[in-house]
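Here's the structure, in structure tokens; my notes come after.
The values are calculated or read from the model by the stated rules, or taken from the named source; none is laboratory data. Computed from a predicted structure; not experimentally measured. Using ideal geometry, Cβ is built from the backbone for each residue, glycine included, and neighbour counts are taken over all protein chains shown.
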Amino acid sequence: MSSVPRLKIRMLIVSFIISIGFLFVYPQLKKDPKLKIYQPADVNPKLVDESVELNNKGHRVSEFELYSQNGDTFRLDDVDGKIYVTDFFFTTCGNICPKMTTQMKGLHDYYMDDEDVMFVSHTVYPEMDSIEVLKAYADKYEIDSDKWVLLTGSKKEIYSLARKSYFAVLTEGDGGERDFVHTENFMLMDKQQRIRGYYDGTLVNEMERLKNDIEILRKEYQ
């Protein structure tokens, strides 16, 4: 057999192998990306309260009862079926909070007409940030209370959410008088109140990443 037919046979074999490989690999490439569902074991151990650090599946936000800037009772049921972004702030903060509020306001405006997406901010200084104070803050930033809820209430309950539900802060504590948390983290939550992403709420490029992840997450429900 001459070298020419042998070369043709080899090329046919190589082409066949490539074609078979393409048939298996291409469908995988075509699959939509999915966001991670964060469990306590997936997060920096310094962020996870020891009471939940051994949980490795099924983590979701704990039940709570707080109050919005309008004085309405706000519970976990109120975010059921919603994709939401959440954070922790206080109205008199002079460093990272104004940046975080500006970034969240940008998201609030961007998703204003999107009924699937909402925003939830918890004050870490509830003894100062009363309902009336939060209402004035919301008015200052032209916040629509149907789109973005500012929450106050029991300090222990808020701090428990930060540490045991959202894994938002590095510090330890029990929500007592001298306990104080401060974090730039935004958390992306799915419709089952599970953590799907963490973002630096002071950075513009992180908000673009967050928007992209919201679109990825939205596809899970289509």
| said: Among the residues that make up segment 75-90, is at least one of them farther than 23 Å from residue 210 by Cβ and in a helix (DSSP H, G or I)? | reply: yes
| request: Look at segment 91-107 and say how many of its residues are of a type outside the set (Gly, Ala, Ser) and farther than 14 Å from residue 150 by Cβ. | output: 7
| field | Odd one out for residue 106 among (1) within 18 Å of residue 203 (Cβ to Cβ); (2) surrounded by 21 or more Cβ atoms within 10 Å (Cβ to Cβ); (3) modelled with pLDDT of 95 or more | value | (2)
| Residue list for segment 122-172, filter: in a loop (DSSP other than H, G, I, E, B) and of a type in the set (A, V, I, L, M) | 124, 128, 143, 168, 169, 170
| field | Inter-residue pairs, beta-carbon under 6 Å, first within 23 Å of residue 116 (Cβ to Cβ) and without any contact (Cβ under 8 Å) to a residue 24 or more places away in the chain and in segment 73-94, second of a type outside the set (Val, Ile, Thr) and not in a loop (DSSP other than H, G, I, E, B), 6+ apart | value | 75/65
| message | Looking at 140, 105, can you tell me which residue is over 20 Å from the mean Cα position of the chain (by Cα), of a type outside the set (A, V, I, L, M, F, W, C) and in the same structural domain as residue 80 (by TED's automatic domain parsing)? | response | 140
| query | Looking at (1) over 22 Å from residue 204 (Cβ atoms); (2) at pLDDT below 95; (3) out of contact with any Ser or Thr (no Cβ under 6 Å at 6 or more places or on another chain), can you tell me which one residue 130 breaks? | reply | (2)
